[in-house]
Each structure stands twice: as structure tokens, then as C-alpha cells.
Amino acid sequence: MSTSSTVLKIGVLGSGSGSNMQSVLDAIQAGTLNAEIRLVLSDVADAKILDRARNHNLPHAWLDCAPFKTKLDGQAEQRCIALLKESGVDTVVLAGFMRIVKPGLLRAFPQRVLNIHPALLPAFPGLHAWQQALEYGAKVAGCTVHFVDAGTDTGPIIIQRAVPVLPGDTAATLHARIQVEEHIAYPDALRLLSEGRLSLSGRRVELA
Ligand code: GRF
């Protein structure tokens, strides 16, 4: 691990299986990422990501996002920000979080909210991106780690990793191949952040 890195204090937001959170945790435990997961939040009460957090003794909570169905807003957003701040979080990692985050969270953690998207952005933003790629007939798919901005999957790109779309692929086989790369890309992006090697030039992320 680089001696010039600073410890990222990570808060994870997820709605599903949490395999990306697991990859970040594995990198921390392997000593290849200088970070701590301070809090895991999910908008889905029985999401596997909360089981993983429990199993690893990570602080975790269910975030009741009602009345909103597709976004994090209002009182839920305020509670989310408060919980993250109380936990000393300085970096917010969206890992399969199926809600649109609003400017309140972005203002609370400026240029410190990251997301992973299962496509090579700007192609195929939005839901089921791997399926979109398959149906479109793309020959290359992949994943993107990016800073989150006010748009949907539009923020400055930090890292992308590509995979081939193979004959006979189904949505499930393609997504599985993409996820292998996601589990490399997210820890790599966070390592660059912890080492202070990311800077923004317009919407381009420059690597030092
Ligand atoms: C990943 O494919 C990620 O790119 C997308 O949602 C999925 C989450 O998977 N945003 P997991 O919950 O990390 O396993």
C-alpha cells in the first residue's frame, strides 16, 4: 500500500447483493486499499448487502425512503446524510443503490460520491445496462466507476473495464462477466482516490 495514501472513511449505499461492497472490504482486509467501511445503508430491509455487513460486523442500517419509490430525497435524504456524517464518513460509495441521489447528498459530500455502472458509459445509462448492451448487439460491454453528478450516470469517469460480449451470452452470463471486472474496478478507483491521484479538469478526471 502506498505510504502517501489517506484513509478513506467509506459509507456504502446499496440495494442488492452487495458483491461490490464485498470487493471493497476484501481489498481493505488484504491491505491493498487504505480505507474503512464506517457504515452500510440499504433502502431494502432484507437486502443481502445488510447480511454481509452484519456478518462482517460493519455498522449498518435500513434506510426507510418512503414515500419516494425511485429517489433518495426529503427526510430520507436528510437522515442518510446525518447517519453518514455521524459515522465520520468522507466518501460515499454507491454499490448497486437503485435510487437516484439528489443534490442534497452531493452537496454534503462534494466530489466524494462514487458510483459503479454496469456499462461503458456514456453508452447504456439507466437500468439493466448489460441487457441493453446485449439487445443492442454491442460486441464489447463493461463497467464504469464515476463520480456522481446531478444527472443519471453522467458524472466524470474514473475507471472503465471492458469485457467481450460472446456468442450465446444471456443477460445473466454477460452480467456475471461484467461483475468480475467491477470487483477490480471499484477498489482500484478508491485506491486512486485515497492516494490523492484524481483531479478534475472540466469533466475529465486526470490521473496523477
Ligand atoms: C452492479 O452490477 C452495479 O454495477 C450496479 O448494480 C449491481 C450491484 O451489484 N449498479 P452488487 O449489489 O454490488 O452485487
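Phi angles of segment 150-160 translate, via the Karplus equation with coefficients 6.51, -1.76, 1.60 and θ = phi - 60°, into HN-Hα couplings of 6, x, 9, 6, 10, x, x, 7, 9, 9, 10 Hz per residue; Gly and Pro are given as x.
Close amide H pairs (under 5 Å, H built 1.01 Å from N) link residue 44 with 63, residues at least 5 positions away or on another chain. Surface composition of segment 2-146: carbon and sulfur atoms hold 55% of the protein heavy-atom accessible area at a 1.4 Å probe. Going by accessible surface with a 1.4 Å probe and the largest first, 175, 60, 117 read 60, 175, 117.
Helix content alone sets the calculated 222 nm mean residue ellipticity of the chain: runs of n ≥ 4 DSSP H residues at -39500 (n - 2.57) each, divided across all residues, give -10500 deg cm²/dmol. Spatially close Lys pairs in the chain, defined by Cα atoms under 28 Å apart and a spacing of eight or more places or different chains, total 13. About the centre of its Cα atoms, the chain shows a dipole size close to 260 debye [charges on the beta carbon of Lys, Arg (+1) and Asp, Glu (-1) only; nearest 20 debye].
Given axes a ≥ b ≥ c from the Cα gyration tensor, I'd like to know whether the chain is rounded (a/c under 1.5), prolate (a/b larger than b/c) or oblate. In terms of gyration-tensor shape, rounded.
Once the 1.4 Å probe is applied to the protein heavy atoms, the chain comes out at 47 Å² accessible per residue. Scalar couplings 3J(HN,Hα) for segment 127-141, obtained by applying the Karplus form with A = 6.51, B = -1.76, C = 1.60 to θ = phi - 60°, are 6, 6, 4, 5, 5, 4, 5, 5, 5, 6, x, 4, 9, 10, 10 Hz; x denotes Gly and Pro. Think of the chain as a dipole: +1 on every Lys or Arg Cβ, -1 on every Asp or Glu Cβ, centred on the Cα centre; then among 108, 207, 20, 108 lies furthest on the positive end.
Packing here is the average count of other Cβ atoms within 10 Å per residue, and on that basis the peptides 149-156, 84-91, highest first, run 84-91, 149-156.
Using the Karplus relation 6.51 cos²θ - 1.76 cosθ + 1.60 with θ = phi - 60°, the per-residue 3J(HN,Hα) values for segment 70-83 come to 10, 9, 9, 8, x, 5, 5, 5, 4, 5, 4, 4, 4, 5 Hz, with x marking Gly and Pro.
Tally the DSSP beta bridges in the chain and give the antiparallel ones as a percent, rounded to 5. About 45 percent, rounded to the nearest 5. Of the residues 47, 185, 35, the one that moves most in a GNM of the chain with alpha-carbon contacts below 10 Å is 47. Per-peptide packing, taken as the mean over residues of other Cβ atoms within 10 Å, places 135-141, 102-108 in the sequence 102-108, 135-141 from highest down.
Entry note, the chain: relative contact order of 20 percent, from Cα contacts under 8 Å with a spacing of 6+ residues. Charges were assigned to the Cβ only: +1 to each Lys and Arg, -1 to each Asp and Glu. The resulting dipole of segment 129-208 about its Cα centre is roughly 160 debye.
The values are calculated or read from the model by the stated rules, or taken from the named source; none is laboratory data. Bear in mind the structure is a predicted one, so any value in this text is a computation, not a measurement. Please note: Cβ atoms are built from the backbone with ideal geometry, for glycine as well, and neighbour counts cover all protein chains shown. The protein model used for the area step is the full one, side chains on, heavy atoms only, and it has no ligands, DNA or RNA in it. Shrake-Rupley method; radii C 1.70, N 1.55, O 1.52, S 1.80 Å.
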